[in-house]
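Worksheet for the structure shown next.
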Amino acid sequence: MKYKHILVALELSDDSHVVIDKAVSFAKLMGAEVSFIHIDGSHGEIYPDLVDIQAEPERQPLNATSNEKLVAFQQYTDFPIKRFLVGTGDLGDKLKDTIAENEVDLLICGHHHDFWSRIVSYSRHLINKSPIDILVVPI
């Protein structure tokens, strides 16, 4: 299958570079577009809408430290990023509408191989909610 638009779920750690690299590699092979998404679930649903910080760089929906990390992700790759969606709440709950609105056909996320991830797997939550193919990248 040839994917056209890849959505990359990022967390606020340098481990996300592995997921970005994988997405860019796939996109180059398939001629696909790449968009990023980061949902901060630590404070609940403060902002119900997603902000595209590519289109609206003056809007900063998260705290200064988080926003700095997001900007660093934008600058990490020289591959063009179509959209960078940022919000709060639960990514799984926002997937269906986000995927439909942005015509995404592949979701890429990371999965840590550590003790806590064996007990509480966020990627399993995404797999159960996603209406499209998912590539889970081991970190």
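At-a-glance table
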quantity: Subset tally (residues that are more than 13 Å from the chain's Cα centre (by Cα) and modelled with pLDDT of 95 or more) for the range 79-89; calculated: 2
quantity: Test result for Ser42, closer than 20 Å to Pro138 by Cα and either in a loop (DSSP other than H, G, I, E, B) or modelled with pLDDT under 95 (or both); calculated: no
quantity: Residues within the range 94-139 that are at pLDDT below 85 and in a strand (DSSP E or B), tallied; calculated: 1
quantity: Filter result (in contact with an Asp or Glu (Cβ under 8 Å, 6 or more places away or on another chain), hydrophobic (A, V, I, L, M, F, W, C) and in a loop (DSSP other than H, G, I, E, B)) within the range 47-93; calculated: Leu62
quantity: Top-ranked residue of the range 7-21 - restricted to ones that are under 16 Å from Gln74 (Cβ atoms) and β-branched (Val, Ile, Thr), ranked as surrounded by the most Cβ atoms within 10 Å (Cβ to Cβ); calculated: Val8
quantity: Index of the failed condition, Ala100 passing every other in (1) touching a Leu at 6+ places or on another chain (Cβ under 6 Å); (2) surrounded by fewer than 16 Cβ atoms within 10 Å (Cβ to Cβ); (3) among the hydrophobic types (A, V, I, L, M, F, W, C); calculated: (1)
quantity: Neighbours by Cβ (under 7 Å, 6+ apart or cross-chain): first from the range 1-13, assigned to a loop (DSSP other than H, G, I, E, B); second among the charged types (D, E, K, R); calculated: Tyr3/Asp105; Lys4/Glu33; Lys4/Asp105; Leu12/Lys69
quantity: First in the range 27-55 and of a type in the set (Gly, Ala, Ser), second anywhere and assigned to a loop (DSSP other than H, G, I, E, B) and at pLDDT below 90, Cβ under 8 Å, 6 or more apart; calculated: Gly41/Gly89; Gly41/Asp90; Gly44/Gly89
quantity: Answer residue from the range 1-35, given it is within 19 Å of Ala64 (Cβ to Cβ) and hydrophobic (A, V, I, L, M, F, W, C) and is nearest to the chain's Cα centre (by Cα) among those; calculated: Leu10
quantity: Residue satisfying condition, being assigned to a helix (DSSP H, G or I), free of Cβ contacts under 8 Å to residues at least 60 places away in the same chain and either in contact with a Gly (Cβ under 8 Å, 6 or more places away or on another chain) or under 14 Å from Cys109 (Cα atoms) (or both), within set Val24, Val18; calculated: Val24
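The values are calculated or read from the model by the stated rules, or taken from the named source; none is laboratory data. Since the model is a prediction, treat every value here as computed from it, not as a measurement. Note that each Cβ is placed from the backbone with ideal geometry, even for glycine, and that neighbours are counted across all protein chains shown.
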